[in-house]
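Worksheet for the structure shown next.
No value in this document is a laboratory result; all are computed from the given coordinates. Small disclaimer: the values here were computed from a predicted structure and weren't measured. Note: ideal-geometry Cβ built from the backbone for every residue, glycine included; neighbour counts use all protein chains shown.
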Amino acid sequence: MTDDPAPPSPSFEARLRAARDRQGLDPAGATDAAANDATAGLSPWGIGARVGVEMVSALVVALAIGWGLDWWLGTRPIFLAIFVLLGGAAGVLNVWRLFAPRDGGPGGMG
Amino acid sequence: MASGSNIDALGQFTLHRSLGALGASVNFTNANTMMLVAGALILGTLYVGMRPKAMVPGRLQALAELSYEGVLGMCTDTIGHEGRKFFPFIFTLFGFVLLGNLLGVFPLFFTYTSHIAVTLALALFVVLLTTYVGLRMHGLHFFSYFVPQGVPKALLPLLVPIEVLSYISRLISLSVRLFANMMAGHVMLEVFGSFVVMLGGAGLLGLFPAGLSFAVNVALIGFEVLVAVLQAYVFAVLTCIYLHDAVHLH
């Protein structure tokens, strides 16, 4: 791939979408909702498993960091307690990211 | 394999040395063999599939083109036009995970994605790469990713650690999701397979439940194929989303 004279032609999907838009076949915004996030196409069980993994993983990381800091500094329960709380909050944040509208929604903070 | 009357559901995940004496000297396991098989299959499919260069593609060429266009579409839709740069990486990752999951559905084949060591290594690579991409593109400004906008300054000492934890937890969630899905599916297959053998050997009364377990296993195999493709897709899409965050910093 040293020289690439022609600009890459848009994919078939893109051209089809443009054609459908010209004809007014798709209501505006219908495509945005479909390609929203990684939960699209998952069953309720799949979504539940994803939410569980997101929450638990944040807690696991926080526990590991808190325990490690305590072990290093010899302040047994302090950092563990702090990081468990932070980890729970981070887990909720992960779940929020999962379901929040991506890209400039008014409530989006990430 | 069911040995005697108890079900050994986890024995299928044991690693063995393979490739004889040469393999033993470098600790080359059955997981490594399957990785090589997966890589060879991907390269072979793409090479053989694209050789005809036909205007109207045949089956293999259609497969190669569909996977190429699908992953390219995923990259450009999720990351933006910078996504083309990451296409080789995403395609390799997707192909490796997909083949690992799919090959595991076949009997006697080892599922290397059912080991946390493999998925954690992949996730570690993804997280390190996204961090590197963010630092490379934005310099130290990358760390503003951990500072949410529009919140009072007084809350920042609380919110920044939460953001950092959320960022690091990607490592665990990405790897555990794939590993748990593959492992749970294979344990279920093993358990119901053992039911078939044990109940089938228990005389006339056991034949009906054995048939039922067999039917469940047939359905589970189909479900496993679905999970295999879905989890590979999810892994690739999440990598794209993380790269998007690193490239656009929000």
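Observations
- The H on the amide N of residue B:29, modeled in the peptide plane, is under 5 Å from the matching H of B:18, each at least 5 residues off or on a different chain.
- Gyration tensor (alpha-carbon) shape descriptor, the stretch B:64-142, a/c threshold 1.5: oblate
- Number of partner chain Cβ atoms within 10 Å, mean per residue of B:147-154: 1
- Applying 1/(1 + (r/R0)^6) with R0 = 25 Å to the Cβ-Cβ distance of residue B:138 and residue B:77 gives a FRET efficiency near 0.65.
- In the stretch B:41-150, the trypsin sites (Lys or Arg not before Pro) that fall in loop regions by DSSP, at most 15 other Cβ within 10 Å: B:53
- Peptide B:87-100 has a mean shielding of 0, counted as Cβ atoms of other protein chains within 10 Å of each residue's Cβ.
- Average beta-carbon neighbours from other chains, 10 Å sphere, peptide A:60-68: 3
- Cα gyration tensor shape of the protein assembly as shown, rounded if a/c is under 1.5, else prolate or oblate by comparing a/b with b/c: oblate
- Think of the stretch B:11-248 as a dipole: +1 on every Lys or Arg Cβ, -1 on every Asp or Glu Cβ, centred on the Cα centre; then among B:201, B:54, B:220, B:54 lies furthest on the positive end.
- 3J(HN,Hα) couplings calculated from phi for the stretch B:58-73 with the Karplus curve 6.51 cos²θ - 1.76 cosθ + 1.60 (θ = phi - 60°) are, in sequence order, x, 5, 5, 5, 4, 4, 5, 5, 5, 5, 4, 5, x, 5, 5, x Hz; Gly and Pro show x.
- Applying 0.36 nm per residue to the separation of residue B:124 and residue B:223 and subtracting their alpha-carbon distance, the gain on full extension is 32.8 nm.
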